[in-house]
Amino acid sequence: MTSHVSGVRSGTAVQSSTKTGIGSGWVVFAAVLMIFGGLMTLFSGIAAIANDDVFVTTRNYVFEFDLTGWGWVHLIMGVLITLAGFALFQGATWARVVGVGLAGLAMLANFLWLPYAPFWAIVLIAINAFVIWALCTAPSPSEH
């Protein structure tokens, strides 16, 4: 015999009908990682623009670029990623799509940044991979 409590059959999953405006915990997770990763990218860009001697380059690396130019690329990407992370907290659906795109571009930029800051480049590549995963697996706002 099955018991009924508030019209829900026992043994079935109960989903909360409350909406938070930002979707799910995965979107919050991605937003926090985007803000952190964006700020780290922004600060590394500022460091590269301010003083080229801060970074030590590896010799004979396939991808050799002007460090000041990469500093500007990182500065702009850091600002965009941070702003998209804050937009995720506002519940903007466009920020999810933009977040996946920016995280993919940031992964590529950090791969090319490997000779200048290998540890941080790998950390930021991993953070951006988690951002893409979290934004792609989070339920859409229509599923709530």
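The values are calculated or read from the model by the stated rules, or taken from the named source; none is laboratory data. Since we're looking at a predicted model, the values are computed, not measured. Every residue, glycine as well, gets a Cβ built from its backbone with ideal geometry; the counts of neighbours run over all protein chains shown. To get the accessible areas, we keep the full protein, side chains included, count just its heavy atoms, and leave off ligands, DNA and RNA. Shrake-Rupley method; radii C 1.70, N 1.55, O 1.52, S 1.80 Å.
Computed quantities for the displayed model
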read-out	value
Added length on full extension, which subtracts the Cα-Cα distance from 0.36 nm per residue, GLN90 to ILE49	11.6 nm
Per-peptide average of other Cβ atoms within 10 Å, ordering 99-109, 68-78, 27-37 highest first	27-37, 99-109, 68-78
Where region 68-122 is the region considered: accessible area per residue in Å², 1.4 Å probe	48 Å²
